[in-house]
Structures are given as C-alpha cells and as structure tokens.
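First the structure, in the form of structure tokens, and then the observations on it.
Values in this text are rule-based calculations from the coordinates and carry no lab data. Just so it is clear, the model here is predicted, and its values are computed rather than measured. Cβ atoms come from the backbone with ideal geometry, glycine included; neighbour counts cover every protein chain shown.
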Amino acid sequence: MICLGIESTAHTFGIGIVDDKLPKEKKIIANVKDSVTTKTGGIIPAKAADHHVDVCDAVLRNALAKANLKLEDVDVIAYSQSPGIGHCLRIGAMFARIISLKYNKPLVGVNHCIAHLEIGRLVTEAKDPVLLYLSGANTQVIAYEGKKYRIFGETLDIGIGNFIDTFARELGLGFPGGPMVEKLAKAEVENNPKENKTPHYIELPYCVKGMDVNFGGILTNLKHKIKKMNEAREKAHHTPFTHETLCYSAQETVFAMMVEVAERALAHCDKKELLLGGGVACNKRLQEMCDKMCKARGAKMFVPANEFLIDNAAMIAWLGLLQYKAGDKLKIEDAGIKPYLRTDDIEVTWR
Ligand code: ATP
Ligand code: FE2
C-alpha cells in the first residue's frame, strides 16, 4: 500500500510518500519540502499560507518524480490535520481534498505531534519510547499509555525553539537561531582561554514546575543581560557577559530542564527508551545530555536523522498509512482542520 502525506502545520510545506511493501529501511520513497525562511522576525501566518499555495504544485511533482509514481498509483492521501497555524493547515487540507476528489482516493487526517513519534519508531529501533519533542512551537514529553499518546510534561508558555530563536534575535544572530546559538555555546567550551578552558556559566532562572516547564522568565532575564552587555560595549567598558557565555548558559539551563522532565517521565512510565524529535533535537549538546541521562539509568536514546527530526511529510504519510490500515478514513465533508487538538485527545487505533 502506498500513502502520500501532506505536511503544512507551520513554515514547511512538504509531500512524503511511503510504501509499506518495502523493507523497514526503504519504506520512505519520497520526502520533499519547501520552507518559509525570514531574515528578520518570525513567520506571518498569511504569508506562510501564500508560500504553501505557491510551492504546493512543484513539491508534489518533485515528490512523485523521486518516487517514480503517478497520483493514480497512490492508495491513500494523508494530511496534517492538527495542531498548527490555521492559515497553513487549511492549505494542506484543501490540497488533500482536491487530490482525493480528483483521483478518488481515501483521506486520512493526522496529528503532527504523534507523527513525530511514529516516524521515530520507523527510522530507529525504538519500540515503545518516551518522546522528547522539542520544536519551535511545541515542547512536550509524550508516551503511550492506555490507548493514548499522553502528554507527561509540556511548556506552559512558548516552545523551546521559539525561546531560542527570540534569544538569538536579541543577540542579532538571525533566524533560525538554534544552529548559531549551538555554535557560540560550543565556542565558549572550546575557546575559553580562562580557567583551563572551563566554560563560564552564568546562573539563570531554572523553571520546572512538576512535569511542566516555562521559558518566559528566562527570556526576560537574558534580555536584561543582553541590554547590560550592549550598554557596556557602547561605553567601551568591560562587558560582564559575552555572546558565547550567554549562549552556553542559556543552552545548559533549558536543556537541563528538559532532561529532568524526560527522566521523570521515563521513571514514571517505567520505559527504557528515549526518542528525540523536533528541530531543536538536532542540537548535539542536547543529544549528549540526553544520552548521559539514559546511560545512567540503563535506558537507550534514539535520534532520527535530521530530516526526520525537523518538520517533514514522510512522517505524515507513515502515520496516515498506519491509521488507514487500522480502519481510519475521513469523509470529504469531515476533512477539515483542528488547529488546537491535543495529542491526548486522539484514540490510538493502530497499535
Ligand atoms: P513545529 O511546527 O512542530 O512546532 P517548527 O515549525 O518550529 O515545528 P522544526 O523544524 O521542528 O519546526 O524546528 C525548528 C526549530 O528548531 C527552530 O526554533 C530552530 O531554531 C531550532 N533548531 C534547529 N537547529 C537547531 C540546533 N542545532 N540547536 C537548537 N535548535 C535548533
Ligand atoms: Fe514539528
């Protein structure tokens, strides 16, 4: 069976195609995307939707060419139905309905967060993991229990990626900020001539409440420090902080918070596998911290390749296929969007 998946929750419009006749490591036969990028500022919903309209046709052609297929060969169409930015989701849902009607193909609606977890189970050896899902808008710790993917911990305000991007913007580093912040934090460790290369850590608020986290207070604290640093620079005074020190301290703090919550979820669910997902999980320092925590408690960490960590459509196609095989199918009039649907609202029928 062949499933074509459409991803359009936020800045990425993607088409992925999977074929479940093929062996595990070959099932993904196309994973094409086109993402909105901005030099300054974040994404504007209406502009991102315009982008998706502009590129949808080319992305589809490209994906079909990669898979060497025609739309007639596809058995089922899946699209990201929840959660996400309404403007963006609507374009994917429309595109899915058009293909479904024109080629008479069944439709399946997919939850984007659960798709991150299911693609991880396909492309790694993880079987029943706790997912640490760290992206721009989403920060959740998710695990399967009692027929649902339950959220064991999450952010109470902004996503960790949005935190990193806003912090980076304050430092003048551009968007996306994650890779630049990672680079400067690494420089703090490797190039610090003081104290035998010991990186300089500046105390920041540590915001874990039970199983939840928040980033607003840390961001405000960092903004004050950046202001002080810039003022000192202007007066040619000695600056109390460098860019590198701030990046290092911010990363160490927020990653430690996430590792703490992930560890507690592993203990609570009595699970032995930690799976990473989301764009922030590309960060090597985060991976290193998670790996240490897992080794210390006899668990195993699994990290999909970057193309499956960041938003992608292969994961929508794969979860769509699992759902369709379990009997899930949408009527065309029900194939709308659910921007605010939560991971734990969904009954898991496919495992
Ligand atoms: P979602 O719609 O699931 O919330 P998203 O649209 O924000 O996801 P992703 O591609 O999952 O997109 O993640 C993008 C985020 O990942 C950005 O905030 C970016 O700064 C961050 N990021 C990318 N690389 C790194 C890195 N090496 N270190 C830290 N953060 C990173
Ligand atoms: Fe995502």
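Before moving on, here are some points about what is shown:
- Additional length obtainable on full extension of the chain from residue 145 to residue 125, 0.36 nm per residue less Cα span: 5.3 nm
- Calculated on the alpha-carbon coordinates, the convex hull of the range 1-91 measures out at 106 cubic angstrom per residue.
- Of 39, 27, 186, the one that fluctuates the most in a GNM where the chain has Cα springs shorter than 10 Å: 39
- With R₀ fixed at 41 Å, the C-beta to C-beta distance from residue 347 to residue 169 puts the FRET efficiency at about 0.55.
- Within the chain, helix-based [θ] at 222 nm, where runs of 4 or more DSSP H residues each add -39,500 (n - 2.57), nearest 500: -14500 deg cm²/dmol
- Whole-number Å³ per residue for the convex hull built on Cα positions in the range 204-351: 172 Å³
- Selection among 275, 251, 306 by position relative to the dipole of the range 217-322 gives 251 as farthest towards the positive end (Cβ unit charges, Cα centre).
- At 1.306 mPa s and 10 °C, Stokes diffusion of the range 69-215 via Kirkwood alpha-carbon radius, µm² per second: 84 µm²/s
- Against the empirical curve 2.2 N^0.38 Å, the C-alpha radius of gyration of the chain lands at a ratio of 1.03.
- Average Cα contact separation per residue, the range 128-303, under 8 Å, 6 or more apart, as relative contact order %: 28 percent
- Within the chain, the whole DSSP H helices whose Cα atoms reach 24 Å or more along their own axis and whose mean Kyte-Doolittle score is at least 0.5 are 86-103.
- Of the GluC sites (Glu not before Pro) in the range 150-204, those whose Cβ has at most 11 other Cβ within 10 Å and which sit in DSSP loop: 203
- Rounded to the nearest 20, the size of the Cβ-charge dipole of the range 128-303 about its Cα centre is 80 debye, with Lys and Arg at +1 and Asp and Glu at -1.
- Note on the range 230-274 and the range 129-200: Cα centroid distance 8 Å, given to the nearest whole angstrom.
- Trypsin sites (Lys or Arg not before Pro) lying in DSSP loop within the range 235-286, provided at most 10 other Cβ fall within 10 Å: 235
- Student exercise, the range 1-143 dipole from Lys, Arg, Asp, Glu Cβ charges, in Debye to nearest 20: 120 debye
- Computed over the range 152-221, the P(r) tail beyond 14 angstrom holds 66 percent of alpha carbon pairs.
- Counted by neighbouring Cβ atoms within 10 Å, the residues 34, 57 run from fewest to most as 57, 34.
- Most mobile of 198, 155, 253 in a GNM of the chain (Cα contacts under 10 Å): 198
- The range 128-303: projected area of the alpha-carbon convex hull, averaged over directions, in nm²: 10.3 nm²
- Cα-derived Rg to Rh of the range 208-290, Kirkwood definition: 1.11
- Flagged links, alpha-carbon separation over 31 Å, of 33/148; 27/102; 183/209; 284/325: 284/325
- Neighbour-count order for 229, 1, fewest beta carbons within 10 angstrom listed first: 1, 229
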